[in-house]
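The values are calculated or read from the model by the stated rules, or taken from the named source; none is laboratory data. The shown structure was predicted, so the numbers you read here are calculated from the model rather than taken from an experiment. All Cβ positions, even for glycine, are placed from backbone atoms using ideal geometry, and neighbour counts span all protein chains on display.
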Amino acid sequence: MAVDGSFPQELARTKPYGYSLFNLDVMTSLALILSRPAENLLPHALPDGRSVIRSVEFLAPYLADKSSWPYQQDVMCWDEWPVRQPALLFGAMAANRNDWLKVWQGLDPDPVVLEVRRNYPIRNAVIWLEASCK
């Protein structure tokens, strides 16, 4: 992860959008699952400012409006992304960002394209959110 929240090595690959989304979804999911009531790992930042929330901040505008993506388009499944990425929900709850929650609510919760489903690690994010609060 770069200081701006991007994933430079993923941005250099053939599917920079999809790979970045997958990384972010997995990172936010792990941070949520590993957090404790006294220690929320999602907003935790390194001294240089890198954090899981910083990555959500980086990608959220491109989830809201993919046409603003300034990098190369993915070589496959470009039209099928984004879907209801769990990173937006988990990030919205951790950072109190209703705008991210609204974007998440407007995305497809049940993609049918196999490649997208394969790279969509947490499909029922609300269940994980509730489980992490116990």
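Descriptive notes on the structure:
- Any hit, segment 46-65, residues being in contact with a strand residue (DSSP E or B) (Cβ under 9 Å, 6 or more places away or on another chain) and of a type in the set (Lys, Arg): yes
- Restricting attention to segment 91-134, the residues being assigned to a helix (DSSP H, G or I), modelled with pLDDT under 95, surrounded by 12 or more Cβ atoms within 10 Å (Cβ to Cβ) and not aliphatic (A, V, I, L, M) number 4.
- Within segment 51-70, the set of residues being surrounded by fewer than 15 Cβ atoms within 10 Å (Cβ to Cβ) and not in a helix (DSSP H, G or I) comprises Asp65, Pro70.
- Pairs linking a residue in segment 45-58 that is under 11 Å from Leu24 (Cβ atoms) to a residue that is part of a strand (DSSP E or B) and among the aliphatic types (A, V, I, L, M), with Cβ atoms under 8 Å and 6 or more positions apart or on different chains, are Ile53/Ala45; Arg54/Ala45.
- Beta carbons closer than 8 Å, at least 6 apart along the sequence or on distinct chains, pair a first residue in segment 106-134 that is hydrophobic (A, V, I, L, M, F, W, C) with a second that is modelled with pLDDT under 90 and not in a loop (DSSP other than H, G, I, E, B) for Ile122/Trp128.
- The residue of segment 1-15 that is nearest to Asp79 (Cα to Cα), among those that are surrounded by fewer than 19 Cβ atoms within 10 Å (Cβ to Cβ) and of a type in the set (A, V, I, L, M), is Leu11.
- If you filter segment 109-123 down to residues that are in contact with a Pro (Cβ under 8 Å, 6 or more places away or on another chain) and not aliphatic (A, V, I, L, M), you find that the one that is nearest to Met27 (Cα to Cα) is Pro121.
- Taken together, the residues in segment 80-90 that are in a loop (DSSP other than H, G, I, E, B) and under 16 Å from Ala31 (Cα atoms) amount to 1.
- Output for segment 16-40, where each listed residue is surrounded by 13 or more Cβ atoms within 10 Å (Cβ to Cβ) and over 15 Å from the mean Cα position of the chain (by Cα): Ser35, Asn40
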